[in-house]
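Student: The following block contains the structure, expressed as structure tokens.
Since every read-out is calculated from the coordinates, none of them should be taken as a lab result. Please read these numbers as outputs of a predicted model, since none were measured by experiment. Every residue, glycine among them, receives a Cβ derived from its backbone with ideal geometry; neighbour counts consider all protein chains shown.
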Amino acid sequence: MTSSQDHTPRSLTLAVPKGRVLSVLRGHLERLGFGPDAFDGSNRRLRFHAAGPLKLNLLLLKPDDVPTYVAYGAAELGVVGRDVLLERNYDLYTPVDLGIGRCTLAVAGLPQDKARYRAAEPLRVATKFPEITRRFFAESGRRVDTVFVQGSVELAPLTGLAHVIVDLVESGNTLRDNGLEVFEKIEDISSVVAVNPAAYKLRLEELTSVLEILKTPT
Ligand code: PRP
């Protein structure tokens with residue numbers, strides 16, 4: 001797949017998730033040549049062009065779509081949570097861990113359901129991460145039924161939708177405020193820079209200058 005027609009031929013395209021991560025990346029984006037209109041929410045544009053020496057475009061995407069753009073080469077690189085990469089299983093290089101958006105992917109439930117968590121066969125798990133969930137429990141030979149939910153996952157054990165959840169835990173407040181606790185940790189998560197493998201081979205020099213700026217703390 002090629003870049004869209006109004007790209008200059010040798011420009012690079014960086015895909016970033018809208019929302020929390022975008023505001024944390026503000027300093028990095030400024031150093032890459034993007035103005036405040038790219039991240040201050042003052043407009044609804046989704047693509048920006050950097051001023052300055054780097055021929056760089058910026059795409060603002062839903063977090064789950066960042067690896068799709070990078071995998072198909074519509075963006076050479078993107079900022080993405082490891083949770084999204086693990087779930088989508090794309091074959092991308094991840095040369096830089098930005099160390100932002102740190103959290104944990106964990107199995108959680110109601111304290112009184114802990115024994116049931118050990119014994120239920122199949123275990124019913126509500127999650128936004130069905131692939132990670134299936135792989136995690138397959139490692140220990142557990143049979144699970146996953147129930148896909150988009151958000152407010154913590155409601156599932158409270159309502160009988162599922163025995164447990166697999167979800168991201170950052171401060172732990174959402175679990176605590178809903179009477180849930182972590183039963184088991186699955187993965188440490190943070191945001192990484194994912195790079196299209198072909199671009200990494202063919203355009204390493206140009207990519208390196210962008211990666212250097214992204215990995216330097218602001
Ligand atoms: C995420 C996640 C948890 C919560 C964890 O949800 O799915 O619900 O944050 O954060 P905490 O440990 O700091 O409370 P998000 O805020 O994205 O909303 P959602 O329920 O719509 O997914």
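Student: How far is helix 204-215 tilted, in degrees, relative to the longest principal axis of the Cα atoms in the chain, given as a value from 0 to 90 rounded to the nearest 10?
Tutor: Approximately 60 degrees, to the nearest ten.
Student: Follow-up. Using θ = phi - 60° and the Karplus form 6.51 cos²θ - 1.76 cosθ + 1.60, what ³J(HN,Hα) does each residue of the stretch 122-129 get, whole Hz, x for Gly and Pro?
Tutor: Going residue by residue, I get x, 7, 9, 10, 8, 6, 8, 10 Hz, with x marking Gly and Pro.
Student: Now, a different point. Which percent, nearest 5, of DSSP beta bridges in the stretch 103-189 are antiparallel?
Tutor: 60 percent
Student: Can you pull the three principal axis extents for the Cα set of the stretch 103-189, in Å, largest first?
Tutor: Cα extents, longest axis first: 31, 27, 21 Å.
Student: OK, next. Given a cut-off of under 8 Å on Cα pairs at least six residues apart, what relative contact order in percent is computed for the stretch 103-189?
Tutor: RCO, the stretch 103-189: 50 percent.
Student: Using only alpha carbon pairs under 8 Å that are at least six residues apart, calculate the relative contact order of the chain and give it in whole percent.
Tutor: Relative contact order comes out at 26 percent.
Student: When only C-alpha pairs under 8 Å and at least 6 residues apart count, what is the relative contact order of the stretch 3-95, in percent? Provide the component values of the computation, followed by the final result.
Tutor: On the way: 124 pairs, mean separation 33.3, N = 93.
In percent, rounded to a whole number, it is 36.
Student: Determine the percent antiparallel among the DSSP beta bridges restricted to the chain, to the nearest 5.
Tutor: 60 percent
Student: Further question: Using only the Cα atoms of the chain, build the gyration tensor, take square roots of its eigenvalues as a ≥ b ≥ c, and label the shape rounded, prolate or oblate: rounded if a/c is under 1.5, else prolate if a/b is larger than b/c, else oblate.
Tutor: The shape class here is prolate.
Student: Moving to a separate point now. Filter the chymotrypsin sites (Phe, Trp or Tyr not before Pro) in the stretch 119-149 to those in DSSP coil with at most 10 other Cβ atoms within 10 Å of their Cβ, and list the result.
Tutor: Within the stretch 119-149, no chymotrypsin sites (Phe, Trp or Tyr not before Pro) qualify (loop, at most 10 other Cβ atoms within 10 Å).
Student: Quick one: 3J(HN,Hα) in Hz for the stretch 186-193, Karplus 6.51/-1.76/1.60 with θ = phi - 60°, rounded, Gly and Pro as x.
Tutor: So the Karplus estimates, Gly and Pro as x, are 9, 8, 7, 10, 7, 8, 10, 9 Hz.
Student: I've got another one for you. Order of S191, S152, S209 from fewest to most other C-beta atoms within 10 Å? Spell out each step's value before the answer.
Tutor: Details: S191 26, S152 11, S209 14.
By the 10 Å Cβ count, ascending: S152, S209, S191.
Student: Rounded, prolate or oblate: which fits the stretch 20-78, taking a ≥ b ≥ c as square roots of the Cα gyration tensor eigenvalues, rounded meaning a/c under 1.5, else prolate when a/b beats b/c? Could the numbers behind the result be given before it?
Tutor: Details: a/c = 1.76, a/b = 1.26, b/c = 1.40.
Oblate, because a/c is 1.5 or more while a/b does not exceed b/c.
Student: At 222 nm, what value in deg cm²/dmol follows for the chain if DSSP H runs of at least 4 each add -39500 (n - 2.57) and the sum is divided by all its residues, to the nearest 500?
Tutor: -7500 deg cm²/dmol
Student: Relative to the longest principal axis of the chain, what angle (0 to 90°, nearest 10) does the C-alpha long axis of helix 130-139 take?
Tutor: That works out to roughly 60 degrees.
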